[in-house]
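The values are calculated or read from the model by the stated rules, or taken from the named source; none is laboratory data. Remember, predicted model here, so these are calculated numbers, not experimental data. All Cβ positions, glycine included, derive from the backbone under ideal geometry; neighbour counts span all protein chains shown.
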Amino acid sequence: MSDLLSFIFSQGEQFRRVRLPSLYSDFTLQRSSNPDGYAANIAAWTEALSKAAQAGLLSAPGNERDTLSITTGEALLRCLETREWGRPLALGTVIDEAVSQQQMMPYQEFISSRKSIYSRNWTIHPWWLLSWGMKQLGIIQSSTAPGQLPVARFVIMRNIEEAASKITKHLGNKSNPIDRIYPISIFSSETGRIMNTQGKLTESDLQVILVYLARDKSAILYDNQTVKFKGPEDTSSALSTQDKTIASLKILITDMNSQIVLLASRISKLSETARIAVENKNKISALAALRSKKLNETVLAQRTEALNQLEEIYGKIEQAADQVAILRVMEASAGVLRNLNAEAGGIEKVEDLVEILRDEMSKVDEVSSAIDVGGHENRLSDEDGIDEELESLERQAKAEQEEKEVRLTAERLASIGGNGGVKRRDGSQDKGFENVQSASQGLDEALDRPIEEGIKALNRLSLDEAQPVPEGNANETTPPTPAGRILDVVSPR
């Protein structure tokens, strides 16, 4: 099995084994009886041929491998022939459908057309379109029998569009305009590298991509020696003398580099030859090799010096191009500033506007001051009400605190009174506890009154009726509060 068939049969579901009999049959008649199957077979073959061309597996005239076009004919049928299913009988129909859908276009029509293929006014050759339509309607019969394919060349639009996108991205996005100028040979080499082809593009592919980028994408300007990618603001329609000179300088630098590499390799080989001749005691050969080496070293020094000068010139050109770009930006910026200053109206207009703003701001401040006068009076009245409410809350809190203290004192007196009194050593009841009980009753009555009256009643309580304390405690200081005096009376000494 050929490399082309192996590649096509590896295209997943479309070329799985159960579909091969249908794909290799003459499915032209299925256009009416089975339109879905017909469309699926057309799409499968179109995509397979496009990818095979992109991979460089389709042969072209001169044993070249075009990636952007396909050449039909007996050679293509032989490459697709298999032992089990033979040749694809409907391949001519596949090409016709691809052309009608503008997935493929006749090579000469594509190259010679002056209008963009994306223009609504663009059409393929009238006779081609008319003959194709008449074949589909059955008015005329196809000039080729099933299994035969006439020799023709077609460009593959899918491959062209993908290649152009990659080339523009890698070669056309340089910021320096000098870097966007290429000699045609360097452009071909760089494009071949981007498209993963072996070396340079074929002559056919190079012509196709140049036409497409210039006519249909307006991305380049070119002639037979120079290619220039347009910048964002480049409106020129032809290459200038400056562009061609820069391209010539680039190709000269490239040639110099190639010569220097070749001379260095030659000098290395001559040194090895002289060394071997000396080892073999061949003086004549050694002298000849050394003389030749000396001459090549002289030429190498000259080429190196020339290359340095060319690279210096190229660097100056790049610097000058950058300066021109900077000056253009500065000129445009000056125009913008001039227009903006004109819109501002000059310093007098600005001063008038500032004065007007000051007057209006003063009016705003006056209105704000007038509004604040009424607000200040309202705030004063609000402050008076707040002060009164604060005093009321403080009085309430003080009363609650006093009530709490009275209740605590009453609870302590009640707990003392509940002990049933304390007996003296002689067994008699202490009269002080009687006074405690009476004081407790007085407190209970006082709690039923208002708080202030309860406090006064508590202060009137006296322990004068209690029996005198022992003489040993006669000099003790009497506590200042009634509750304290009561505790002193009832406490055991």
Would it be correct to say that residue 181 is assigned by TED's automatic domain parsing to the domain that holds residue 115 and closer than 26 Å to residue 58 by Cα? no
Exception for residue 421 within (1) part of a helix (DSSP H, G or I); (2) surrounded by 13 or more Cβ atoms within 10 Å (Cβ to Cβ); (3) modelled with pLDDT under 85 falls at (1)
In segment 159-207, which residues are among the hydroxyl-bearing types (Ser, Thr, Tyr) and not in a loop (DSSP other than H, G, I, E, B)? 165, 168, 182, 185, 188, 189, 191, 204
Of 210, 239, 221, 249, the only residue that is outside any loop (DSSP other than H, G, I, E, B) and either in contact with an Asp or Glu (Cβ under 8 Å, 6 or more places away or on another chain) or within 12 Å of residue 172 (Cβ to Cβ) (or both) is 221
Cβ pairs under 8 Å, 6+ apart or interchain, first in segment 63-86 and in the same structural domain as residue 208 (by TED's automatic domain parsing) and within 18 Å of residue 46 (Cα to Cα), second acidic (Asp, Glu) and surrounded by 15 or more Cβ atoms within 10 Å (Cβ to Cβ), ordered by first then second residue, are 66/205; 67/205; 68/205; 69/205
With the structure loaded, tell me whether residue 269 is without any contact (Cβ under 8 Å) to a residue 24 or more places away in the chain, farther than 23 Å from residue 247 by Cα, outside any helix (DSSP H, G or I) and out of contact with any Gly (no Cβ under 9 Å at 6 or more places or on another chain) or whether it fails that test. no
Out of the residues in segment 102-125 meeting the condition of being closer than 15 Å to residue 159 by Cβ and at pLDDT below 90, tell me which one is surrounded by the most Cβ atoms within 10 Å (Cβ to Cβ). 117
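So that you can scan it fast, the table gives a plain yes or no per residue for (1) without any contact (Cβ under 8 Å) to a residue 40 or more places away in the chain; (2) charged (D, E, K, R); (3) in the same structural domain as residue 324 (by TED's automatic domain parsing):
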| residue | (1), (2), (3) |
| --- | --- |
| 194 | yes, no, no |
| 203 | no, yes, no |
| 206 | yes, no, no |
| 210 | yes, no, no |
| 215 | no, yes, no |
| 220 | no, no, no |
When only residues in segment 213-237 that are at pLDDT below 90 and not β-branched (Val, Ile, Thr) count, which is farthest from residue 318 (Cα to Cα)? 237
Filter result for the condition that a residue is surrounded by 15 or more Cβ atoms within 10 Å (Cβ to Cβ), over 21 Å from residue 69 (Cα atoms) and modelled with pLDDT of 90 or more, over 160, 186: 186
With the structure loaded, tell me whether residue 49 is modelled with pLDDT under 90 and either assigned to a helix (DSSP H, G or I) or among the basic types (Lys, Arg) (or both) or whether it fails that test. no
Considering 39, 75, which residue is in a helix (DSSP H, G or I), among the small types (Gly, Ala, Ser) and closer than 15 Å to residue 153 by Cβ? 75
Filter segment 1-60 down to the residues that are of a type in the set (Val, Ile, Thr) and in contact (Cβ under 8 Å) with a residue 60 or more places away in the chain and list them by number. 8, 28
Regarding segment 283-294, can at least one residue be identified that is surrounded by 15 or more Cβ atoms within 10 Å (Cβ to Cβ), outside the structural domain of residue 173 (by TED's automatic domain parsing) and free of Cβ contacts under 8 Å to residues at least 12 places away in the same chain? yes
